[in-house]
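Q: Before I ask anything, here is the structure I am working with.
No value in this document is a laboratory result; all are computed from the given coordinates. From a predicted model like this one, the values you see are computed outputs, not experimental measurements. All Cβ positions, glycine included, derive from the backbone under ideal geometry; neighbour counts span all protein chains shown.
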Amino acid sequence: MIKETGEKFKDEAHIIYVNSSIQDETKLGKLMQDFWCKRGEEMNYDVLAERVSFFKEKKEGVNQMCEILDEVKEEGKNEGKIELLVDLVKTGVLSISEAAKKIKMSEEEFKKYL
């Protein structure tokens, strides 16, 4: 529910907004402080500190993070291509068949984006 208006969120998700600049001595304040840290050794919570250290400081973790970021980047490129192709189909520049071939999808898969 949106506190100021009393309206419910339409996505039916449970969302909690937190002001991360409040970094007091409460458990939540300490967690917010951890989210601003660049190194695990500066953090309050050991589990989070260990994971941050692994992904930022250990070679295996850095490699995993690079792979994940490459995947995310590639997904973003594909989403951009699909959006462009959808626009071209909607404006009549390309047929569904032509657009699907360009993105290496079946026509049925491509139609889901229309």
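Q: Tell me, what ³J(HN,Hα) does each residue in the range 55-61 have, in order and in whole Hz, if you take phi through Karplus 6.51 cos²θ - 1.76 cosθ + 1.60 with θ = phi - 60° and put x for Gly and Pro?
A: For the range 55-61, the Karplus curve yields 6, 9, 10, 9, 3, 4, x Hz.
Q: How big is Rg to Rh over the range 1-103, alpha-carbon atoms, Rh as the Kirkwood inverse-mean-distance radius?
A: Working: Rg = 21.7 Å, Rh = 18.2 Å.
Over the Cα atoms of the range 1-103, Rg/Rh equals 1.19.
Q: A further question on this structure: Which of the residue pairs 59/104; 27/59; 73/104 have a Cα-Cα distance greater than 24 Å in the structure shown?
A: On the way: 59/104 35 Å; 27/59 31 Å; 73/104 18 Å.
Beyond 24 Å: 59/104; 27/59.
Q: To continue, here is another question. Given Cα positions, please report Rg to Rh for the range 32-76, the hydrodynamic radius being the Kirkwood one. Present the calculation step by step, with values, prior to reporting the outcome.
A: Details: Rg = 12.0 Å, Rh = 11.2 Å.
Looking at the range 32-76, the ratio lands at 1.07.
Q: Enumerate the aspartates and glutamates that residue 3 could reach by cross-link, defined here as Cα to Cα under 18 Å, with residues fewer than 8 away along the same chain left out.
A: Correct list for residue 3: 11, 12.
Q: Could you list 112, 81 so that the one with the fewest beta carbons within 10 Å of its beta carbon is first and the one with the most is last? List each step's numbers first, then the result.
A: Numbers: 112 8, 81 13.
Placing the least packed residue first, the sequence is 112, 81.
Q: Relative to the compact globular guide of 2.2 N^0.38 Å, what is the alpha carbon radius of gyration of the range 1-57, as a ratio?
A: Working: Rg = 15.3 Å, N = 57, 2.2 N^0.38 = 10.2 Å.
Rg over 2.2 N^0.38 Å, computed on Cα atoms: 1.49.
Q: Percent of Cα-Cα pairs more than 16 Å apart in the range 63-114, please.
A: Values: 568 of 1326 pairs.
Counting every Cα pair in the range 63-114, those more than 16 Å apart make up 43 percent.
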